[in-house]
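Each remark here refers to the structure printed beneath this line.
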Amino acid sequence: MKVFASVAAILGIAAMSLVPSAAAAGKYDGSAPMICAALTVTECVAGGRCQRRSAESVNLPELFRVDAKAMKVRNLEAEKGRESPIRSVDHVNGKVILFGAEEERGWIVEINETTGKMSAVVSGDGEGFVVFGQCALP
């Protein structure tokens, strides 16, 4: 059931992102909270081997809420809504860039301010993850 709910939510976010909206154009700038879905995750280890993984299998959220004003990223699938603090927010060339760290991992999330397309990197000791996805306004 959890897998079905995750798939349904991801498909809903993808569908919302395909509908052009004049109101949403340029609104992925962090001025309002966003819901983001990790659609693809690639894990790389120090030896240079990389392979595609699910977000869940590498302890990353599939669905998360980005609230740049509150400086928090929240895992929407965790029972108690695990949160990670955003340490810095920057705007560069039409992208909002968020920086943070939690436990033994550092991360950067980049969101296109016009389309909501998301790219992220997460790094830890001897491991790294590249994540691509889509954000939507709730």
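Please treat every number below as a calculation from the coordinates, not as lab data. This is a predicted model, so every value here is computed, not measured. Reconstructed Cβ throughout: ideal geometry from the backbone, glycine too, with neighbour counts over all protein chains shown.
Table for the structure above
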item: K27 versus T114: modelled label distance in nm, points set 7 Å from Cα along the beta carbon direction; result: 1.7 nm
item: Dipole of region 79-130, positive end: most advanced residue of S119, H91, I108 [Cβ charges, Cα centre]; result: H91
item: Spacing of the two label points (7 Å from each Cα toward its C-beta) at D90 and V45, in nm; result: 3.2 nm
item: Only Lys, Arg (+1) and Asp, Glu (-1) charged, at Cβ; region 80-138 dipole about Cα centre in debye; result: 240 debye
item: Net charge of neighbours whose Cβ lies under 13 Å from the Cβ of D90, counting Lys and Arg as +1 and Asp and Glu as -1; result: -1
item: Summed residue charge, Cβ within 9 Å of V58's Cβ, Lys/Arg positive, Asp/Glu negative; result: -2
